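Novice: For reference, the structure I am asking about is given below.
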Amino acid sequence: MTTAAVTRQPPGPRGHLLMGILPDVRRDILGCLGSLHRQYGDVVRYRLGPLRSHLVAHPDAVKHVLQDHVKNYTKDHLSYRMGRWITGDGLLTSTGDFWLRQRRLAQPAFHRQRIAGMAAGMVGQAEAMLRRWDTAAASGTPVGINEEMMRLTLAIVGEALFGASVEGQAREVGAAFTVISQQIAERFRTFRMLPPILPTRYDRAFRDARATLLGTVQGIIATRRQHGDDTGDLLSMLMLARDEDTGEGMTDEQLGSEVMTMLLAGHETTATSLSWVWGLLSKHPEVEARLHAELDAVLGGRTPTAEDVPRLVYTKQVVEETMRLYPAAVIFSRTVKEDDVIGGFHIPKGSAVDVSPYVTQRHPDFWEEPEAFRPERFAPEAAAKRHRFAYFPFSGGPRQCIGNSFAMMETQLVLATVAQRYRLREAPGFTLEPDSHLTLRPKGALPMSLERRA
Ligand code: HEM
């Protein structure tokens, strides 16, 4: 049957006359996504304010959108237009030939070998954090895990990709990013589509936060320009890149967009994943015990290196299972360029399609007891039998996360370094509940006390 012959519309809720399902999304996005899937199945039609959208949950459909028919599903979507208010036209938000050129320029900085060369720096940063923690542990003071993980991952990405020490600005950057991510989520849910240019307190807070981030980014670029060395890192590659036709390099604005993109995309995602790991381990002592056994057997108290990473098999499974239950990117969207058919349903040109790692990674046809935390699901034999797109915390296809291997190595190494020294236990005020900003963080500060391992 041709695309034109399929006119069957997917099922879905009626929703509010003007707002569609926005009130439900605002109240509880995760609950709302779960119940849409349970009630209506693998292709659901709904409205988000004026936006006609579809949630596609079956891995075949996710593959269709992200990989097989990627040209028909573009990032020309409100969420990325809003993203451009923060980063400008960076790798995450740009499209077409421009995106492809930038991706090719950045890709070599993420080759496996190069990433392996960043391992020592990652572990070094984790050890610096542990020195701070030793003081807290000695006085029995709990640490706020969410903030600690943000500070750590920002320091790691700054050093690894830009040779810059940004840890001193971690608090400022973290606060600015929180303002921006809260506002973007709020603006999306309330359909405030105007850029933040008004002289209101709300818009000014956004602009101030962006100026703080931009200040950090410009500082990184200015420092590198001063000494001008080619250190072979991502920043050098971007600065030295020349257009094949014109011989021109990137403008300062373009460079700023890419640095800002990497700094933001590369730290909060990894930080939230690590925070979830610590929270889940404290709730699952049997998993923690197995993790400790592996660390003791493979490392025996030694500092982990890049060569250890392939041998930290269960450590990796713990990270993967955490990202299955709590993927940093809950949902992302594409705009449909031409009419299409997904799962036997008509998907009209101009509407949107949403894919959600959160929903698909809990799909009961692909995951037994999907709510249970079971790292063994990622044992190589089990993982090999699974549909590639039943699990996609880093997306898939040509627009998949460029930092995938970087993030996996980082989380494994940080987990191994910290878990060798400390058990993290729930402290007063600890709750393990999701709080969806731009990414899916655990709510509150996540206070945990540090128990030194023998
Ligand atoms: C646990 C950690 C991470 C997760 C879960 C994650 C997830 C994702 C996802 C789902 C996308 C696709 C988004 C979309 O299509 O809208 C993406 C893209 C991207 N990520 Fe990550 N990411 C992580 C870590 C990182 C790191 C460490 C970096 C950089 C150092 C990074 C840089 C990027 C960039 C630049 C893109 C855009 C790629 C493109 O479109 O060409 N991410 N990430």
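Novice: Quick check on segment 162-184: of everything there that is hydrophobic (A, V, I, L, M, F, W, C) and surrounded by fewer than 19 Cβ atoms within 10 Å (Cβ to Cβ), which residue is nearest to V123 (Cα to Cα)?
Specialist: A175
Novice: Could you check segment 375-417 and list, in sequence order, the residues that are surrounded by fewer than 17 Cβ atoms within 10 Å (Cβ to Cβ) and away from the ligand (no atom under 16 Å from the Cβ)?
Specialist: Answer for segment 375-417, where residues must be surrounded by fewer than 17 Cβ atoms within 10 Å (Cβ to Cβ) and away from the ligand (no atom under 16 Å from the Cβ): E376, A379, P380, E381, A382, A383, A384, K385, R386, H387.
Novice: Based on what the data block shows, is D308 within 24 Å of E381 (Cα to Cα) and more than 24 Å from the chain's Cα centre (by Cα)?
Specialist: Spelling it out, D308 is indeed within 24 Å of E381 (Cα to Cα) and more than 24 Å from the chain's Cα centre (by Cα).
Novice: Sticking with this one: Please determine whether any residue of segment 139-161 is farther than 17 Å from A271 by Cα, buried (at least 18 other Cβ atoms within 10 Å of the Cβ) and within 15 Å of the ligand (Cβ to nearest atom).
Specialist: no
A quick yes/no check of all residues on (1) touching a Pro at 6+ places or on another chain (Cβ under 9 Å); (2) of a type in the set (A, V, I, L, M); (3) under 23 Å from P364 (Cβ atoms); (4) part of a helix (DSSP H, G or I):
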position: T7; (1), (2), (3), (4): no, no, no, no
position: R14; (1), (2), (3), (4): no, no, no, no
position: L18; (1), (2), (3), (4): yes, yes, no, no
position: R26; (1), (2), (3), (4): no, no, no, yes
position: G34; (1), (2), (3), (4): no, no, yes, yes
position: H37; (1), (2), (3), (4): no, no, yes, yes
position: A61; (1), (2), (3), (4): no, yes, yes, yes
position: H64; (1), (2), (3), (4): no, no, yes, yes
position: Q67; (1), (2), (3), (4): yes, no, no, yes
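Novice: Quickly run through segment 106-118 and pick out the residues that are surrounded by fewer than 19 Cβ atoms within 10 Å (Cβ to Cβ) and either within 11 Å of the ligand (Cβ to nearest atom) or small (G, A, S) (or both). Reasoning before the result, please.
Specialist: We begin by selecting, within segment 106-118, every residue surrounded by fewer than 19 Cβ atoms within 10 Å (Cβ to Cβ); these are 107-108, 110-114, 116-117.
Matches in segment 106-118: Q107, F110, A116, G117.
Novice: While we're on this one: May I ask you to list the residues in segment 341-361 that are among the charged types (D, E, K, R) and within 16 Å of the ligand (Cβ to nearest atom)?
Specialist: D354, the sole residue that qualifies.
Novice: So, one more: Determine the pairs where a residue that is at pLDDT below 95, located within segment 275-302, has a partner that is not in a loop (DSSP other than H, G, I, E, B) with Cβ atoms under 7 Å apart, the partner being 6 or more residues away or on another chain.
Specialist: These pairs meet every condition: G301/Q420.
Novice: Out of curiosity, is E371 assigned to a helix (DSSP H, G or I), away from the ligand (no atom under 14 Å from the Cβ) and of a type in the set (D, E)?
Specialist: Details: assigned to a helix (DSSP H, G or I): no; away from the ligand (no atom under 14 Å from the Cβ): yes; of a type in the set (D, E): yes.
When the stated conditions are applied, E371 does not pass them.
Novice: Report whether or not E338 is touching a helix residue (DSSP H, G or I) at 6+ places or on another chain (Cβ under 8 Å), acidic (D, E) and within 12 Å of the ligand (Cβ to nearest atom).
Specialist: no
Novice: Identify, by number, the condition in (1) under 22 Å from the mean Cα position of the chain (by Cα); (2) assigned to a helix (DSSP H, G or I) that P393 doesn't meet.
Specialist: Against the list (1) under 22 Å from the mean Cα position of the chain (by Cα); (2) assigned to a helix (DSSP H, G or I), P393 comes up short only on (2).
Novice: Continuing with this model, one more query. Which residues, taken from segment 192-222, are over 28 Å from the mean Cα position of the chain (by Cα) and in a helix (DSSP H, G or I)?
Specialist: Going through segment 192-222, the residues over 28 Å from the mean Cα position of the chain (by Cα) turn out to be 198-201.
Within segment 192-222, just R201 meets the criteria.
The values are calculated or read from the model by the stated rules, or taken from the named source; none is laboratory data. Treat the numbers as computed from the prediction; the structure is a model and nothing was measured. Virtual Cβ from ideal backbone geometry, glycine too; neighbours counted across all protein chains shown.
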